[in-house]
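Structure first, commentary second.
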Amino acid sequence: MSTKLELGIDTFGDVTNDADGQPLPQAQVLRNVVAEGVLADQVGLDFIGVGEHHRKDFAVSAPEVVLAAIAGQTERIHLGSAVTVLSSDDPVRVFQRFATLDGVSGGRAEVILGRGSFIESFPLFGYDLGQYEELFEEKLNLFTEVRKQEPVSWTGALRASLDGQSVYPHLENGLLKTWIGVGGSPESVVRAAHYGLPLMLAIIGGGPMRFKPLAELYRNALEQSGQDASLPIGVHSPGFIAATDEEAKETLWPHYEAMTNRIGRERGWPPATRARFEHEAGEDGALFVGSPETVAKKIAYTANGLGIERFDLKISNGTLGHDHLMKAIELYGTEVAPRVHELLS
């Protein structure tokens, strides 16, 4: 693993509250996400990932448009999705949108493809949830063909075939950087290796070291597939940074509790507890929450243990306000990042 670990942020554009505890208009949330991306660039972070959702508690349904707005106000930060729900999209259009983003940003676009953890996009765009697996597999197969930027001849069962058709615009430099985002599925890990695509592990529950077998599986599968064994692995995990551990946890907890319970009611989860929150905030949990020193140590521990090249902190946490997110991004870039690099050097 390179000691120069890339550090980024991810946001789902969660609808946050104003000073009176009322939800902000989604349009204002979108403008706030752009401001967060601009600040991330200014404090030296390497990446911003913007998620795609189609429900009222998240403002972003078209990440590429938001990323293009960020691109116009930044110089160096890389811009990607977190994730693009490929199953309910068209691979040709996904490539075109990100190739366009790559052009207008001067080669800074990346795409993280995944199946998503929400299913609202399937009925919205007329896809059968019963074909959940088949849709992703077939569309990923087509995307990897389009990504070669050569005329495409391809036949599938769920989408119209292509016969020697070219897809534009072409990229100026090489291939579009394309990650596969996975949860805990070994099959998804092997699929990423089969296509020779970097792996982004979404660690949203449980200790980071629980994912070490998946990282090892990926590297072994790369070798067995004859792919480049040095392809990067990244980690996406939620968290929050404040001046002290106590301030970070006390600020985050009510928003984390409300968000977890809201989603949990849809999925049959038990209610969130403070004890569980404290556990996830500890060394063996998925929450990277605390002071800059605490968060830096946990990132370095994760990077060393899993051998990763990118760590993305999911800064959006339910209704947690924009002002808190901006302060967290500032601390991440100015205090956490230098400390992580020092710990890894």
V29 vs. criteria farther than 23 Å from T334 by Cα, part of a loop (DSSP other than H, G, I, E, B) and either in contact (Cβ under 8 Å) with a residue 24 or more places away in the chain or among the polar types (S, T, N, Q) (or both): no
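In the list G72, G126, G130, G103, which residue meets the criterion of being within 21 Å of D10 (Cα to Cα) and among the small types (G, A, S)? Steps first, answer last, please.
Values: G126 fails: within 21 Å of D10 (Cα to Cα); G130 fails: within 21 Å of D10 (Cα to Cα); G103 fails: within 21 Å of D10 (Cα to Cα).
Result of the check over G72, G126, G130, G103: G72.
For residues in segment 36-53 being outside any helix (DSSP H, G or I) and hydrophobic (A, V, I, L, M, F, W, C), which is surrounded by the fewest Cβ atoms within 10 Å (Cβ to Cβ)? Quick ask: steps written out before the conclusion?
Start the filter on segment 36-53 by keeping residues that are outside any helix (DSSP H, G or I), which leaves 43-53.
After this cut, where a residue has to be hydrophobic (A, V, I, L, M, F, W, C) as well, the list is 43, 45, 47-48, 50.
Working: V43: 16, L45: 24, F47: 22, I48: 29, V50: 29.
Ranking the qualifying residues of segment 36-53, first place goes to V43.
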Considering only segment 9-26, state which residues are polar (S, T, N, Q) and in a strand (DSSP E or B). T11, N17
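Taking P213 as the residue in question, decide whether it is of a type outside the set (V, I, T), open to solvent by 60 Å² or more (accessible area, probe 1.4 Å) and in contact with a Pro (Cβ under 9 Å, 6 or more places away or on another chain). Write out each step before concluding.
On the way: of a type outside the set (V, I, T): yes; open to solvent by 60 Å² or more (accessible area, probe 1.4 Å): yes; in contact with a Pro (Cβ under 9 Å, 6 or more places away or on another chain): yes.
Taking the combined requirement at face value, the residue satisfies it.
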Being within 19 Å of the chain's Cα centre (by Cα) and among the basic types (K, R) is the filter here, so list the residues in segment 289-345 that pass it. K298, R310, K314
State all residues of segment 101-148 that are open to solvent by less than 10 Å² (accessible area, probe 1.4 Å) and among the aromatic types (F, W, Y); if no residue qualifies, say none. F122, F136, F143
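Does N317 fit the bill of being of a type in the set (S, T, N, Q), out of contact with any Asp or Glu (no Cβ under 6 Å at 6 or more places or on another chain) and buried (at least 24 other Cβ atoms within 10 Å of the Cβ)?
On the way: of a type in the set (S, T, N, Q): yes; out of contact with any Asp or Glu (no Cβ under 6 Å at 6 or more places or on another chain): yes; buried (at least 24 other Cβ atoms within 10 Å of the Cβ): yes.
Taking the combined requirement at face value, the residue satisfies it.
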If you scan segment 222-260, which residues turn out to be more than 22 Å from H322 (Cβ to Cβ) and touching a Pro at 6+ places or on another chain (Cβ under 9 Å)? L231, P232, I233, G234, V235
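Which ones in segment 184-203 are among the aliphatic types (A, V, I, L, M) and assigned to a helix (DSSP H, G or I)? Spell out the reasoning first.
Filtering segment 184-203 for residues among the aliphatic types (A, V, I, L, M) gives 189-190, 192-193, 197, 199-203.
Scanning segment 184-203 gives V189, V190, A192, A193.
State all residues of segment 86-97 that are open to solvent by 10 Å² or more (accessible area, probe 1.4 Å) and either under 17 Å from the mean Cα position of the chain (by Cα) or among the basic types (K, R) (or both); if no residue qualifies, say none. Write out each step before concluding.
Residues of segment 86-97 open to solvent by 10 Å² or more (accessible area, probe 1.4 Å): 89-90, 92-93, 96-97.
Within segment 86-97, R93, R97 meet the criteria.
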Out of I241, I263, I204, which single residue is buried (at least 21 other Cβ atoms within 10 Å of the Cβ) and β-branched (V, I, T)? I241
Of residues in segment 149-181 being touching a Pro at 6+ places or on another chain (Cβ under 6 Å) and surrounded by fewer than 19 Cβ atoms within 10 Å (Cβ to Cβ), the one farthest from L79 (Cα to Cα): G164
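Please work out if G184 is open to solvent by 40 Å² or more (accessible area, probe 1.4 Å), among the small types (G, A, S) and under 23 Å from A82 (Cβ atoms). Even if it seems obvious, please write down each step before you answer.
On the way: open to solvent by 40 Å² or more (accessible area, probe 1.4 Å): yes; among the small types (G, A, S): yes; under 23 Å from A82 (Cβ atoms): yes.
The answer is yes for G184.
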The residue from R276, R267 that alone is of a type in the set (D, E, K, R), out of contact with any helix residue (DSSP H, G or I) (no Cβ under 8 Å at 6 or more places or on another chain) and modelled with pLDDT under 95 is R267
Scan S121, S161, S153 and give me the residue that is of a type in the set (S, T, Y), modelled with pLDDT of 95 or more and within 23 Å of the chain's Cα centre (by Cα). S121
Whether any residue in segment 27-35 is surrounded by 24 or more Cβ atoms within 10 Å (Cβ to Cβ) and farther than 30 Å from A229 by Cβ is what I want to check. yes
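The values are calculated or read from the model by the stated rules, or taken from the named source; none is laboratory data. Small disclaimer: the values here were computed from a predicted structure and weren't measured. Cβ sites come from the backbone with ideal geometry, for glycine too, and all protein chains shown count toward neighbours. Protein only, heavy atoms only, side chains kept; ligands, DNA and RNA dropped before computing areas. Shrake-Rupley method; radii C 1.70, N 1.55, O 1.52, S 1.80 Å.
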